[in-house]
1. Anything in segment 143-157 that is in contact (Cβ under 8 Å) with a residue 40 or more places away in the chain and out of contact with any His (no Cβ under 9 Å at 6 or more places or on another chain)? List them, or say none.
2. Can we say Gly180 is at positive phi and modelled with pLDDT under 95?
3. Condition (residue is farther than 29 Å from Asn449 by Cβ and surrounded by fewer than 20 Cβ atoms within 10 Å (Cβ to Cβ)) applied to segment 232-247: is it met by at least one residue?
4. Report yes if some residue within segment 425-443 is more than 30 Å from Asn112 (Cβ to Cβ) and either without any contact (Cβ under 8 Å) to a residue 40 or more places away in the chain or of a type outside the set (Gly, Ala, Ser) (or both); otherwise report no.
5. Take residues that are in contact (Cβ under 8 Å) with a residue 60 or more places away in the chain and aromatic (Phe, Trp, Tyr) and tell me which of the helices (runs of 4 or more DSSP H) falling wholly in segment 182-264 contain 1 or more.
6. For segment 300-313, what are the residues that are surrounded by 13 or more Cβ atoms within 10 Å (Cβ to Cβ), modelled with pLDDT of 95 or more and assigned to a helix (DSSP H, G or I)?
7. Among the numbered criteria (1) surrounded by 18 or more Cβ atoms within 10 Å (Cβ to Cβ); (2) within 28 Å of the chain's Cα centre (by Cα), which single criterion is violated by Ala279?
Amino acid sequence: MNLKDLLKNQQPYISTGRHLPLRQRHLGERARGEVELILPSGRNPSLLLPYPRMKALTLLACCFFSLALLAAEPPKPSSESAKLHTLFDAEWEHVMQTQPTWASHLGDRRYNDKWPDLSLAAIEREHQRSSNILKQIQSLDRSKLPTADQLNYDLFRWRLEIELEGFRFGEHLLPVNQRGGIQTEDELGDALRFQTVKDYEDWIARLNSFGVMMDQTIALMREGMRRGLVQPQIVMQRVPAQIQKQRVAPPEQSPFYKPFKNLPSTIASTDRERLIASAKQALNTSVLPAFARFDKFFKDEYLPACLSGIGAWRLPDGKARYAYAARVFTTTKLTPEEIHNIGLSEVARIRGEMEKVKALAGFKGTLPEFFTFLRTDKQFFCETPQRLFMEYAATSKRIDPLLVKLFRTLPRTPYGLEEIPAKIAPDTTTAYYRQPAADGSRAGTYFVNLYRPEVRPRWEMMALSLHEAVPGLRDVARRAPRRGYRHPRPPMGP
């Protein structure tokens, strides 16, 4: 029985599968929770790698594949396994240092005062380092690893190989699009804890060094222009308005100033005054001038250089680029043509399912007329953003009680529902999920788009909530930290 059936008839689902105790650790602490899928065979699946961010689509695919591969037995120690874990631990620490914003998202606060080094030289160094890490992983004897570590070996090696293969396509030279980039970097603050003086001092340090990251971003985009690696104008024409929302006066109106609007009462008044003054100064001398430079560069240089049409074929080595992207995001070796043919057969199958739904609904017209009805009839839409938000919340709570009928072990870490920030809502997706901090200091967040509720139908709420929140990205993500170590690579994907 699937979740769709449960939502339909509310019938109980009973499992006779046995529960196996599991060890878990994340960031040196016990993970806050996990999700365990009940398989028909009664055996429990095992997923070995923590899922680092909602945007890591390739890792999510790995997660789903690996669920079916492995029973949940603890890894058996071996000298080869020790070497693997030593490599993982070293790589994890390196990634935390070189990807400090990702470390912050995970709850590792050691580098909360730093931005990543986006210089071309640093990116080239990381590429060379990845090549060396691949040689180290290849030197291990996979046959001597326990079953669990063999899966980790395979996935880690695959990640390295696919990243190294794709470096030539220069995706790092496309750091900005309509869904985000440096123009939305203030959203990092929403994922951080602001409780102590140091928390605020770290954020101020980031504000003071923001101009360096901006100049590195502009340099990447200029190199992309030189190599013909730019986005389509139809996409990028949305970005100037996003930049303008960062060009404010006085500095208190900056989205980067948000953490200072509600300093906790536990911070002494003298510290409060100092922190506020320092934040304003950092904004005036670093952040706001940086966005002024970016605004001029984007309007005068970058946007005119963007593509007038769409399609990967317009980019250098476009056919190979597209084939590579297809393999990355499907984690298969299928060609674009093979994937397209699968899509055609799926369209035919789904169309047949739609005809059945239309008949069940008692609609007498054609399928196109049914689509028009669903997209235009007022009964399917909320009149206000507030009502839309309330119905998303009700949908999520309708799902939550049913999870125990499909999953034996559920995450302890809760998730909340929030509105997608208004400054980005017109340009982004209908919903997305932000993972909780790995140390348990921040709950997961299911973001929903309330912009123009008149075009956001009620009938999409259930599917979105099942995928983006529960039991989708939240439960898969929390199922991952199981085996006493962490996946050491940062996320892939846009």
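The values are calculated or read from the model by the stated rules, or taken from the named source; none is laboratory data. Given the structure is predicted, the values throughout are model-derived calculations rather than measurements. In this analysis, Cβ positions are derived from the backbone assuming ideal geometry, glycine residues included, and neighbour counts consider all displayed protein chains.
1. In the first step, residues of segment 143-157 are kept if they are in contact (Cβ under 8 Å) with a residue 40 or more places away in the chain; the result is 144-149, 151-153, 155-156.
Once the filter is applied, which keeps residues that are in contact (Cβ under 8 Å) with a residue 40 or more places away in the chain and out of contact with any His (no Cβ under 9 Å at 6 or more places or on another chain), segment 143-157 yields Lys144, Leu145, Pro146, Thr147, Ala148, Leu151, Tyr153.
2. Details: at positive phi: yes; modelled with pLDDT under 95: yes.
Against the criterion (at positive phi and modelled with pLDDT under 95), Gly180 qualifies.
3. Of all residues in segment 232-247, those farther than 29 Å from Asn449 by Cβ come to none.
Among the residues of segment 232-247, not one is farther than 29 Å from Asn449 by Cβ and surrounded by fewer than 20 Cβ atoms within 10 Å (Cβ to Cβ), which makes the answer no.
4. Going through segment 425-443, the residues more than 30 Å from Asn112 (Cβ to Cβ) turn out to be 426, 430.
Next cut, either without any contact (Cβ under 8 Å) to a residue 40 or more places away in the chain or of a type outside the set (Gly, Ala, Ser) (or both) only: 426, 430.
Yes; the residues of segment 425-443 include at least one that is more than 30 Å from Asn112 (Cβ to Cβ) and either without any contact (Cβ under 8 Å) to a residue 40 or more places away in the chain or of a type outside the set (Gly, Ala, Ser) (or both).
5. Working: elements: 197-208, 210-226, 233-236, 239-244.
It comes to 197-208, 210-226.
6. Our first condition is that a residue be surrounded by 13 or more Cβ atoms within 10 Å (Cβ to Cβ); within segment 300-313, this holds for 301-303, 305-307, 312.
Next, only the ones that are modelled with pLDDT of 95 or more stay: 301-303, 305-307.
Within segment 300-313, Glu301, Tyr302, Leu303, Ala305 meet the criteria.
7. Condition not satisfied by Ala279: (2).
Every residue, every condition in (1) touching an Asp or Glu at 6+ places or on another chain (Cβ under 6 Å); (2) closer than 21 Å to Tyr200 by Cβ; (3) in contact (Cβ under 8 Å) with a residue 24 or more places away in the chain; (4) outside any helix (DSSP H, G or I), yes or no:
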site	(1), (2), (3), (4)
Asp89	no, no, yes, no
Glu93	no, no, no, no
Met96	yes, no, no, no
Thr101	no, yes, yes, no
Ser104	no, yes, yes, no
Arg110	no, yes, no, no
Trp115	no, yes, yes, yes
Ala121	no, no, no, no
Gln128	no, no, no, no
